[in-house]
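*Asks:* Starting off with a structure, shown below.
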Amino acid sequence: SWSWRQILLLRPMAREHLIYKWGNGERFSLWFDPWLQGDSIHVLYGCRVMYDTGLGIQARVKDMLREGEWCWPQVSGDLIEIQQRVCGIPVSTNLDIIFWDKVGDTFSTNRAWQAIRARSNNVDWHDVVWHPKRILKHAFSLWLAIRGAHRTRDKLVVVGVTHTAQCIFHCGETESTEHLFFQCPFSVNIWREVLKLCNITRLILPWANEVQWMKEHAKGNKFDHAL
């Protein structure tokens, strides 16, 4: 899917935060994990050494150990060099471990996200959108609205997705975020009923004013505040 392809594009960035702690070699790929002084055998020497050893791509580091000693085949210059380089790496009975950012820290999606995301300044409407009692799809829709990112018809007609920018509720006006949520007669009636449920009596405001009103009034844990 598109989402997974985009996630996979982040692999080089994520790799910078991984720390490989060498142990007994049972878990690390002989060819593709960066266990050799921060690099993988494949990156350093290519595919030829894989062929020269006679081992498949699924080989583990432990496959190059014999009775606790390194034992790389001495059939090519690259393999001789690898044998010389690994002689300084002690063989352990501990398990291979991968840490995130520093030794002792395990991987979590939250730590990964905090490490690779582009940070920006805090916004004053954060608690309006991401409050503890949020319904995720509602919060996401509100987040899009505040950022002006909803694909309303006034935007879709520009890129040729639709042939008309008229409101989907057939009121005859141009459909924009402002109109769709707060100016269309259909939406206005819905908002009046919602405000009535919250015992709030006031006019429906323009979008920017509604956001400001929410920031000032949507505080606390009461039902009407969360709603």
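The values are calculated or read from the model by the stated rules, or taken from the named source; none is laboratory data. Keep in mind that this is a model prediction, so the values were computed, not measured. Positions of Cβ are backbone-derived with ideal geometry, glycine not excepted, and every protein chain shown enters the neighbour counts.
*Asks:* Under 9 Å between Cβ atoms, which residue pairs at least 6 apart in sequence (or on different chains) link something in the range 1-19 that is over 12 Å from ALA115 (Cβ atoms) with a partner that is surrounded by 10 or more Cβ atoms within 10 Å (Cβ to Cβ) and at pLDDT 85 or above?
*Replies:* Matching pairs, first to second residue: ILE19/ILE97; ILE19/ILE98; ILE19/PHE99; ILE19/TRP100; ILE19/ASP101; ILE19/ASP105.
*Asks:* Applying the selection to the range 44-78, what residues are under 14 Å from PHE28 (Cβ atoms) and either under 34 Å from the mean Cα position of the chain (by Cα) or β-branched (Val, Ile, Thr) (or both)?
*Replies:* Across the range 44-78, the qualifying residues are ILE57, GLN58, ALA59, ARG60, VAL61, LYS62.
*Asks:* Return the pairs, sorted by first residue and then second, in which the second residue is exposed (fewer than 12 other Cβ atoms within 10 Å of the Cβ), the first residue lies in the range 147-167 and is closer than 27 Å to TRP125 by Cα, the beta carbons are less than 9 Å apart, and the residues are 6+ apart or on different chains.
*Replies:* ARG151/VAL161; ARG153/VAL161; ARG153/THR164; LYS155/VAL161
*Asks:* I've got another one for you. Does VAL43 qualify as being assigned to a helix (DSSP H, G or I) and without any contact (Cβ under 8 Å) to a residue 24 or more places away in the chain?
*Replies:* Criteria met by VAL43.
*Asks:* Among the residues of the range 88-110, are any assigned to a helix (DSSP H, G or I) and surrounded by 15 or more Cβ atoms within 10 Å (Cβ to Cβ)?
*Replies:* Within the range 88-110 (the criterion being assigned to a helix (DSSP H, G or I) and surrounded by 15 or more Cβ atoms within 10 Å (Cβ to Cβ)), the answer is no, since none of the residues qualifies.
*Asks:* May I ask you to say which residue of ASP124, ASP101 is farther than 20 Å from TRP35 by Cβ, at pLDDT below 90 and out of contact with any Pro (no Cβ under 6 Å at 6 or more places or on another chain)?
*Replies:* ASP124
*Asks:* Among the listed residues LYS133, LYS137, which satisfies the condition of being in the same structural domain as PHE181 (by TED's automatic domain parsing), exposed (fewer than 15 other Cβ atoms within 10 Å of the Cβ) and touching a helix residue (DSSP H, G or I) at 6+ places or on another chain (Cβ under 6 Å)?
*Replies:* Result: LYS133 is the single residue among LYS133, LYS137 that is in the same structural domain as PHE181 (by TED's automatic domain parsing), exposed (fewer than 15 other Cβ atoms within 10 Å of the Cβ) and touching a helix residue (DSSP H, G or I) at 6+ places or on another chain (Cβ under 6 Å).
*Asks:* Still on this structure, I have one more. Looking only at the range 111-124, decide whether some residue is more than 30 Å from PRO12 (Cβ to Cβ) and surrounded by 15 or more Cβ atoms within 10 Å (Cβ to Cβ).
*Replies:* Checking the range 111-124: not a single residue is more than 30 Å from PRO12 (Cβ to Cβ) and surrounded by 15 or more Cβ atoms within 10 Å (Cβ to Cβ).
*Asks:* Against the condition crowded, with 16+ Cβ neighbours inside 10 Å and either closer than 30 Å to LEU18 by Cβ or of a type in the set (D, E, K, R) (or both), how does ASP154 come out, does it pass?
*Replies:* Spelling it out, ASP154 is indeed crowded, with 16+ Cβ neighbours inside 10 Å and either closer than 30 Å to LEU18 by Cβ or of a type in the set (D, E, K, R) (or both).
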